[in-house]
1. Across peptide A:217-228, what mean number of C-beta atoms from other chains lies inside 10 Å of a residue's C-beta?
2. Relative contact order for the range A:253-296: what percent, with Cα pairs under 8 Å and sequence separation of 6 or more?
3. How tilted is helix A:271-286 with respect to the longest principal axis of chain A? Cα atoms for both, answer in degrees (0 to 90, nearest 10).
4. Note the angle between two axes, namely the Cα long axis of helix A:294-303 and the longest principal axis of the Cα atoms of chain A, as a number of degrees from 0 to 90, rounded to the nearest 10.
5. Sorted by mean Cβ packing within 10 Å, highest first, what order do the peptides A:69-75, A:293-299 take?
6. Suppose the Debye formula is applied to equal point scatterers at every Cα of the range A:1-67; what is log10 I(q)/I(0) at q = 0.17, 0.26 Å⁻¹?
7. List the relative contact order of chain A as a percent without decimals, with contacts defined as Cα pairs under 8 Å and 6+ residues apart.
8. Once you average over the residues of A:248-259, how many Cβ atoms of partner chains fall within 10 Å of each Cβ?
């Protein structure tokens with residue numbers, strides 16, 4: 001089952017947890033200094049280390065050159081690869097689990113980027129899964145490591161553990177009350193960062209934020225995960241308080257129902273209109289105002305993105321065509 | 001005008017962005033514009049931020065002109081320190097050894113600290129055992145220190161229910177204790 005078809009701990013606020021480990025092979029220069037041929041060699045070493053007879057049935061090995069740009073962008077929309085990885089395909093490959101919880105980018109900024117996405121707040125579990133691949137890699141290949149600097153990465157911002165952990169949070173109440181700027185300042189002081197998961201600006205698309213660790217050197221994996229978990233729980237508690245206050249207001253409940261009404265009846269929905277309304281509806285569903293399952297909404301938030309619609313349709317639709325397709329799919333999903 | 005990213009090709013793409021009232025302008029060559037994701041129907045406009053550029057920012061006060069004069073390069077990948085400053089990307093694992101002293105101030109500025117405190121690949125601990133003399137020569141961690149780290153790693157492995165790795169670490173600890 002894919003992460004967005006499921007829900008787990010604190011699923012009313014946490015959409016997903018992501019763990020990313022940056023690793024490099026000791027005996028090859030970092031990707032920016034590699035030719036496409038050398039990248040292929042790196043890919044072969046990593047593929048051999050990570051895909052075994054036992055596990056390979058559960059994974060696809062994808063050469064990025066074999067994907068169309070729309071397919072690549074769709075993978076980025078699902079956060080399975082980075083937008084940068086989608087923008088350039090030479091010598092790059094992806095190891096993707098069938099249920100899309102593990103995606104390993106080869107020759108992105110580093111030789112290996114192990115990524116695990118789990119539903120809900122599940123940092124320890126997702127890290128344990130990523131560690132399985134990390135261990136498998138270092139058993140078969142020499143990994144670039146230094147006693148002082150830890151895992152060596154192409155960009156020094158990832159030195160040390162090479163671990164970037166992030167939690168995707170739906171924060172409509174905090175975002176709507178204008179509390180995010182203050183919260184972001186406090187969080188920055190704690191060595192973490194929070195920013196819009198989709199788009200920049202004061203109010204990100206869909207009120208979805210990504211909370212992640214910044215510092216990777218001089219802190220252990222366990223400490224980094226514990227910090228992030230503790231701060232995530234505090235943000236969740238604040239969002240719950242802010243939601244409780246909003247739900248006492250009939251005009252706010254009216255906004256939720258009106259958003260639901262538009263999603264149920266519109267003939268065309270642009271991506272931004274859909275995500276704005278879906279944010280209100282998701283809040284209503286999480287707080288028991290509306291009887292809609294959260295996985296349904298999580299799935300729509302992922303699948304209604306432009307490139308993902310194009311891939312599902314098997315062609316490059318115009319924006320107007322997509323708006324009609326989106327409105328129809330949303331209507332059907334909301335029953 | 002040269003491309004502001006690679007400083008090599010003629011800039012052909014002019015990117016002007018206004019974010020929160022603040023205007024930023026960039027002049028890029030075609031290949032950098034593509035690399036940084038400015039060529040796909042605006043999709044990347046919202047997503048992309050370039051880590052290399054951000055990182056080169058950290059290096060901005062490094063003695064760049066001076067570094068350029070020094071012709072020393074990493075023997076493994078051929079990168080000079082100037083290449084690293086300009087691209088914000090380190091060339092290979094050996095560059096960190098080669099330019100350690102010059103990279104250290106920037107690394108400290110990014111992380112606040114410059115001493116790894118996390119997981120150690122257990123193949124590295126196996127290697128250090130295989131070459132104990134080479135390790136002593138550079139005054140690397142004492143056996144006690146190694147045992148302490150291995151124990152910490154073993155505990156982590158147990159916590160993550162990675163018993164296979166825990167068993168390997170336990171054997172390594174035993175072997176180290178045997179040496180004493």
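1. Numbers: counts 11, 10, 6, 6, 5, 7, 2, 2, 0, 0, 0, 0.
Per residue, the average neighbour count from other chains is 4.
2. 39
3. Once rounded, one gets 80 degrees.
4. Rounded to the nearest ten degrees, it is 60.
5. On the way: A:69-75: 21.4, A:293-299: 18.9.
Sorting A:69-75, A:293-299 by mean packing, highest first, produces A:69-75, A:293-299.
6. Debye output, listed in q order: -0.87, -1.20.
7. Working: 586 pairs, mean separation 69.9, N = 335.
Reported as a whole number, the value is 21 percent.
8. Details: counts 0, 0, 0, 0, 0, 0, 0, 0, 0, 0, 0, 0.
Mean shielding count: 0.
We did not get these values from a lab; they are worked out from the coordinates using the rules stated. Since the model is a prediction, treat every value here as computed from it, not as a measurement. Heads up, the Cβs are rebuilt from the backbone with ideal geometry, glycines too, and the neighbour counts pull from every protein chain shown.
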